[in-house]
Structure formats: structure tokens, C-alpha cells
Amino acid sequence: MNVLLSAMCAYPLSRKDLFGRRFFTIFVTVTMFVSGGMIPLYLVVMKLKLLNTMWSVILPGAISTYNMIIMRTAFSGIPDSLAESAYIDGASDITVFTKIILPLSKPILATMTLFYSVSHWNSFFPAMLYLNDQSKYPVQILMRDIVIAGDMTSQSGDIASDINILAMNYKYAVIIISVVPILLVYPFLQKYFTKGILIGAVKG
């Protein structure tokens, strides 16, 4: 959802014939520097009746402005002649987006997938803020609780040394769990990080 929504927002902003393109670009960019804050966002989520649902974790961070601007820049680098040729053949904007822009943007899509994956995998605060039902907690909160419990145990002066060692082992296990999934995903996306996919796409 992150990658799809970001691409759908980035593509119109990358089109030079978009009316008010500069205004919309500035309007979106301002959100990187100006935010309503945690309390107004919480009130919005509450008014939308999303509290204690998984959508409260998904929707507020559905689009990262920084990642969207990166995608917009990548889309801008695709030659306009490809889209113009498709329009001459009767293609619509949706067809150009799905059949031309996205297939030629696999490197940036793979990069954004990795960025969003790492961001969500490391995120625990939104779930801690919006979710009350422990059965809906993501694994990040569980790992956070384990780390905090280990810190509290290691700070106790009367605890036995073997229990301290056990607490440290729990913390090391949490580190492995937090790192391994990203290490498993990265090899599948690494091949798309090379540049030059557009070489030869436009014949002179």
C-alpha cells in the first residue's frame, strides 16, 4: 500500500503538463516540515473511529513525503516520448502509468519497498499509541517489552548472575529477530538497485 499510494501521488507530480504542478509540489513538500503534532493526529484517528484497529497503524503513515519525492524525481527521468507514443496509440493515463512507468521504474520501486519495509519493521510507537488490544500488538512491541524487561532485570542489585545472563540472551535474540527478516528481503531487491534500465528504451 505504501509503494502503490506513493507511486500514484508521484506520477501526476512528475508530469510537466499537470496544471498547478508547482503549487501541488510545494503543498506536499511543506508537510515534511510542518506537522499538526501527535495529539491532533490522535484526535483525527479517534474521530475516524480507527482506534484499536490495524488501519490506525497503516493509514496515518501510508505515504512518506520524502519517499514520494524520490519517486517523483525518478518518474521525471523517464523520457516523455514513451508516454507520447502510447497516447498516440490510444492509451489512457492509467495505461501509461501501469504499462510503461511502473515497469521502467523497478529499481526505484524496489528501493522504496525496502525503505518502507525497514521503516515499518522498526516502528512500534504508532501501535503503542493507537492499539489497546494486546492481541493486535505487532512483534515490535513485544520485542520492546523484552528489551525493557531485560534492562530492568540487569539493573536489579539482588538478582542472580545467571538470570542476568538469561536477560542478556533475550536481548541478543531480539536483535537477531529484528535483523534477520530485512537480511532475507534484501537479496531479492538488490538486483534492482542497478542503474541504466532505460538505456536503449528510446531509439534515436
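Quick notes
- Residues of the stretch 36-58 satisfying the condition of being assigned to a loop (DSSP other than H, G, I, E, B), open to solvent by 80 Å² or more (accessible area, probe 1.4 Å) and not basic (Lys, Arg): Leu48, Met54
- Checked against (1) open to solvent by less than 70 Å² (accessible area, probe 1.4 Å); (2) at pLDDT 65 or above; (3) of a type outside the set (Phe, Trp, Tyr); (4) closer than 30 Å to Ala110 by Cα, Lys171 meets all criteria but (4).
- Residues that are surrounded by 15 or more Cβ atoms within 10 Å (Cβ to Cβ) and without any contact (Cβ under 8 Å) to a residue 12 or more places away in the chain occur in the stretch 13-35; there is at least one.
- Ile88 falls short on exactly one of the conditions (1) open to solvent by 60 Å² or more (accessible area, probe 1.4 Å); (2) in contact (Cβ under 8 Å) with a residue 24 or more places away in the chain, and that condition is (2).
- Within the stretch 59-85, the set of residues being in contact (Cβ under 8 Å) with a residue 60 or more places away in the chain, among the aliphatic types (A, V, I, L, M) and open to solvent by 60 Å² or more (accessible area, probe 1.4 Å) comprises Ile63 only.
Yes/no matrix, rows are residues, columns are (1) modelled with pLDDT of 75 or more; (2) exposed (fewer than 13 other Cβ atoms within 10 Å of the Cβ); (3) out of contact with any Cys (no Cβ under 8 Å at 6 or more places or on another chain):
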| site | (1), (2), (3) |
| --- | --- |
| Met128 | yes, no, yes |
| Gln134 | yes, yes, yes |
| Gln140 | yes, no, yes |
| Gly150 | no, no, yes |
| Ser156 | no, yes, yes |
| Ala160 | no, yes, yes |
| Ala167 | no, no, yes |
| Gly196 | no, yes, yes |
| Gly204 | no, yes, yes |
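The values are calculated or read from the model by the stated rules, or taken from the named source; none is laboratory data. Quick caveat, the model's predicted, so the values are computed rather than measured. Glycine gets a Cβ as well: all are built from the backbone with ideal geometry, and neighbour counts include every protein chain shown. Side chains included, ligands, DNA and RNA excluded: accessible areas come from the protein's heavy atoms. Shrake-Rupley method; radii C 1.70, N 1.55, O 1.52, S 1.80 Å.
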